Amino acid sequence: MLYSGQAFRLESLPNDILKVIFDLKDQTANVFNATALKELGEMLEVIRKQKAKGLLFTSGKSSGFVFGADVTEFLGHFKKEESEMRSWIASINEVFNGYEDLPFPKVALVNGFALGGGCEIALTMDYRLATPKGVIGLPETKLGIIPGWGGTVRLPRLIGADHAIEWVTGAKNYKAEDALKFGVFDGIVEDAKLEAAGLKLLERALSGELDWQARVTQKKSPLKLDKIESMMSFESSKGFVAGLAGPHYPAPLKAVETMQKAARLTRDEALKLEGETFAAMAKTKTAECLVQVFLGDQYLKKVSKKVTKDAKPVQHAAVLGAGIMGGGIAYQSASMGVPLLMKDIKHEQLDLGMNEATKLLNKEVERKKMTPERMGKVIAAIGPTLSYADFGGTQFVVEAVVENEKIKKSVLLEVENNVSPETVLASNTSTISITKLAEGLKRPDKFCGMHFFNPVHRMPLVEIIRGAKTSEATIAQAVNYASQMGKTPIVVNDCAGFLVNRILFPYFNGFIFLLEDGVDFQRIDKVMEKFGWPMGPAYLLDVVGIDTGFHASSIMANAFPDRMGFKNKTILEVMYENKRYGQKNNLGFYEYELDKKGKSVKKVNPAVYELINPIVKKEIEITDEEIVMRMMLPMIIESSRCLEDKIVESPVEVDMGLLLGLGFPPFRAGALKYADSLGLGKLEEESKKYLALGKLYELTPFMKNLAAEKKTYY
C-alpha cells in the first residue's frame, strides 16, 4: 500500500501500474468533502514519486464512482468572500490538473454514479470506461451554480461546444449508453471485467496503439472553433437557454457565457475564468436557496429512512374509490411494483378508475418511458372489484372516496371489518381531521391520513397524518408505502388542513382581500407568477376546483375563525353559487377550451367581472410589491404557526412541503427561508401596515421575538 487515508488508498499493480481507490470511510457513497480533497492532493505527491507507467482511478463503493462534492459543506464555502472562494477553487483545480498532467496514461473506471465533481475528476483522466449501470453528469446549474472544477472547460474540448452546452445547462444525468454516444465514455464493460478492461486500455496506450497524449493536449488547448462557428454555437444557444431557464435562474446562461469566453483560452486560463464565475454564482440568493432545497430533500430522505427502519415493504394494497384520485393512486402503486385491488360500488366508477390508470400508462408508452409489455403487467397488477372478498391478504388500504366526513367514516368502518387486524387503513383526505375519522374504529392505532396531491402521478408529496391514537408502527408503514410508490412523505400531526392546505388557505384569503379592494385578479396572477409561482392564485383555484376550494375554505374558517373566517360573502362562495367550478367544468375565474392539440387553454370572459364587482368594497392604488407582500405575509405567518404548533418538527419540513405540494418557487426555497431572506424585522414592519385586515396579518409572539433578537428560522 503506497498511501492509505480516510478516503483514498493507492496500490501498486504489476507492470508499474498504480491503482487509486476512492473509498470514503464510514460512508455508503463517495463524495468530495474536505478530507477527500486534502487526501487527493497528498496522494498526488506520492504518485509523482513513483516510477509508474499508468494509472487506474477506481471506486471502492458498490454504490457508485463519486457522487460529487459534499453539498453539506457548500453553504459554508458560499459564505466566504468571492476572493476566498476563487482561491479555494484554484487550489482544487491545481490538484485536478496535477492528475491530468501525470506523464503516463490514466483511465477512470466508472462503476455507477459520477456526478458533478465525480464527472470532473473522471474528465481529468485520458479514458473513461463504465459499467452498464454507469451514470455521469454535471448537475450544478440545478443548484444555481456552474461546474467549478473544470466541467465547463474539459467537456467542450472533449465532446464539442454544442453537446457540452446541452450537458451543462440541462444538468441531466446520462446513462452509460448515452454518454458513450457523446464520447464521454470510451467503452462499457461488465462490472466483473472492468479492471481488466482498464488495464488492457492502458496497455494499448503504452504500446502506442492509442495516442493518449493527444487527448491531454486537446483538453489543454483552446477549442477548435473559428469565430463564425463559435458565434453560431454559443450565440444561438443563449436565447434558447435563457428562455428555458427563466429570469430567476441565471446559472445556465452564465455557464454558456463562460464557455464562450473560455473557448479561445488555454486550459489554465479557462479554469481561472470558470472559477470566477462559480464564485460569483455561489454568492447569489438563488444558489443559497437551491442548495437549501437539495439539502432539504436529503433531510427528508434521512427522516424517512429512520422512521421506516423496522417497517416491512407492502406486498399487496388496496384503494377504495375508483375516481380520478383512486385511479391515480392505483396507477402509481402498480407502476412502482406494488399490486393492489381497486374497489368501488359501481361498475361505471371502476371503469373510470381503470381508464384513468390506462390513460396515464399510455402516455408513458407514447413517451417511450415504458414498453407495451410493461404496461400490460402494470394493468394486470390492478384488480378492479365490487366486493371485499379478496381483501383478507391486503396489508395496506387507502380510502379515497368523496371528501365527506360522514361517508368516509361509514366506508372506513365497513372496510375495517373486512381486513386482517394487521392491515393499516389510511384516508386520502385534504382537510378532514384524522382523529375525528378514527372515531368508531376498533383499531384507531392502525389508522392514519395519507394525503395525495392531484394529479397523483405528478405531485411528489404525500402528507402522512398522525391522528391522536395512530401508532408509530402505522406511521412507519405509511411512510414506507409512500416511498415504495416513489413519493416523498412528510409526517404531520393532525389539524384542519394538515400542513400544506393549512398554509395555502391564508394565501388564498390574501387574494380574496385584494379582490375586495378592487385589485384585478388577472393582475394578481401575473404579479405572483412573476414572483415565481407556476400559476397565480385565481388560476390555481380553477385548477384545484373552486367547489373544492369553497368547501375546504369553510372547514378552515371553522377551525381557525380568528384569521380564516369571513364576515361577508366571499368570491369563492359567489363562484360556487354560480356553478363556476374551474377547469372541471371549464368555467372559473377563467374559461377553458381545447386547442388543436387537445390542450386546455384559458381565456377571460368579461362576464366574470359581473360576479366579482358586487364583492368589491373599495378601489385602492397598490404596487406590485405590495400585492406580493399582501399575498405572502399570511402564508409566512401560518407557516410559522405550523412550526410553533409542532404540526411538523422543522422549518425544512414546512418549506419542503410547500415546494413539493404547492410548487413554491424553488429559487426562494420555501416560505420560512423566504422570511429569513427578507428579515423578520422587515416582516414586522410590513405586518403593521395591514393589521386593519385582521389577525391574518398579525405576527405571532414567536415571530416578534425572532425579529427583536435578529434571529432566523434556519
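May I ask you to say which residue of Ala478, Ala482, Ala473 is in contact (Cβ under 8 Å) with a residue 12 or more places away in the chain and more than 24 Å from Ala357 (Cβ to Cβ)?
Working: Ala478 fails: more than 24 Å from Ala357 (Cβ to Cβ); Ala482 fails: more than 24 Å from Ala357 (Cβ to Cβ).
Residue meeting the stated conditions: Ala473.
Check whether at least one residue in segment 556-563 is of a type in the set (Phe, Trp, Tyr), under 20 Å from Lys695 (Cβ atoms) and either out of contact with any Gly (no Cβ under 8 Å at 6 or more places or on another chain) or without any contact (Cβ under 8 Å) to a residue 12 or more places away in the chain (or both), and report yes or no.
Start the filter on segment 556-563 by keeping residues that are of a type in the set (Phe, Trp, Tyr), which leaves 560.
From the residues that got through so far, the ones that are under 20 Å from Lys695 (Cβ atoms) too are 560.
After this cut, where a residue has to be either out of contact with any Gly (no Cβ under 8 Å at 6 or more places or on another chain) or without any contact (Cβ under 8 Å) to a residue 12 or more places away in the chain (or both) as well, the list is 560.
Scanning segment 556-563 turns up at least one residue that is of a type in the set (Phe, Trp, Tyr), under 20 Å from Lys695 (Cβ atoms) and either out of contact with any Gly (no Cβ under 8 Å at 6 or more places or on another chain) or without any contact (Cβ under 8 Å) to a residue 12 or more places away in the chain (or both).
Can you run down the residue pairs with Cβ atoms below 9 Å, 6 or more apart or on separate chains, where the first is in segment 267-287 and without any contact (Cβ under 8 Å) to a residue 60 or more places away in the chain and the partner is part of a helix (DSSP H, G or I)?
Glu269/Ala262; Leu273/Thr152; Leu273/Val153; Leu273/Thr258; Leu273/Lys261; Leu273/Ala262
Report whether or not Phe32 is closer than 16 Å to Thr124 by Cβ, among the hydrophobic types (A, V, I, L, M, F, W, C), assigned by TED's automatic domain parsing to the domain that holds Thr277 and under 27 Å from the mean Cα position of the chain (by Cα).
Yes; evaluated as a whole, the condition is true for this residue.
Among the listed residues Ala357, Ala330, Ala318, Ala322, which satisfies the condition of being among the aliphatic types (A, V, I, L, M), touching a Leu at 6+ places or on another chain (Cβ under 7 Å), part of a helix (DSSP H, G or I) and buried (at least 24 other Cβ atoms within 10 Å of the Cβ)?
Details: Ala357 fails: touching a Leu at 6+ places or on another chain (Cβ under 7 Å); Ala318 fails: part of a helix (DSSP H, G or I); Ala322 fails: part of a helix (DSSP H, G or I).
Only one candidate qualifies: Ala330.
Out of segment 694-714, which residues are more than 12 Å from Leu683 (Cβ to Cβ), surrounded by fewer than 21 Cβ atoms within 10 Å (Cβ to Cβ) and in contact with a Gly (Cβ under 8 Å, 6 or more places away or on another chain)? Quick ask: steps written out before the conclusion?
Step one: filter segment 694-714 for residues more than 12 Å from Leu683 (Cβ to Cβ), giving 694-696, 701-702, 705, 708-711, 714.
Now narrow it down to the ones that are surrounded by fewer than 21 Cβ atoms within 10 Å (Cβ to Cβ): 694-695, 701-702, 705, 708-711, 714.
Answer for segment 694-714, where residues must be more than 12 Å from Leu683 (Cβ to Cβ), surrounded by fewer than 21 Cβ atoms within 10 Å (Cβ to Cβ) and in contact with a Gly (Cβ under 8 Å, 6 or more places away or on another chain): just Lys710.
Scan segment 113-133 for residues that are closer than 17 Å to Lys175 by Cβ and charged (D, E, K, R) and jot them down.
Arg128, Lys133
Yes or no, residue by residue, for (1) surrounded by 20 or more Cβ atoms within 10 Å (Cβ to Cβ); (2) of a type outside the set (A, V, I, L, M); (3) outside the structural domain of Gly661 (by TED's automatic domain parsing):
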{"site": "Gly510", "(1), (2), (3)": "yes, yes, no"}
{"site": "Glu516", "(1), (2), (3)": "no, yes, no"}
{"site": "Lys530", "(1), (2), (3)": "no, yes, no"}
{"site": "Pro534", "(1), (2), (3)": "no, yes, no"}
{"site": "Ala552", "(1), (2), (3)": "yes, no, no"}
{"site": "Asn558", "(1), (2), (3)": "no, yes, no"}
{"site": "Lys602", "(1), (2), (3)": "no, yes, no"}
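Which of the residues that make up segment 433-456 are aliphatic (A, V, I, L, M) and in a strand (DSSP E or B)?
Met450
Looking at Leu210 and the list (1) surrounded by 13 or more Cβ atoms within 10 Å (Cβ to Cβ); (2) part of a helix (DSSP H, G or I), which single condition is not satisfied?
The failed condition is (2).
Go through segment 546-593 and give me each residue that's of a type in the set (A, V, I, L, M, F, W, C), within 12 Å of Phe505 (Cα to Cα) and assigned to a loop (DSSP other than H, G, I, E, B).
Once the filter is applied, which keeps residues that are of a type in the set (A, V, I, L, M, F, W, C), within 12 Å of Phe505 (Cα to Cα) and assigned to a loop (DSSP other than H, G, I, E, B), segment 546-593 yields only Phe560.
The values are calculated or read from the model by the stated rules, or taken from the named source; none is laboratory data. Computed from a predicted structure; not experimentally measured. Quick reminder, even Gly has a Cβ in these numbers, built from the backbone with ideal geometry, and neighbours come from all protein chains shown.
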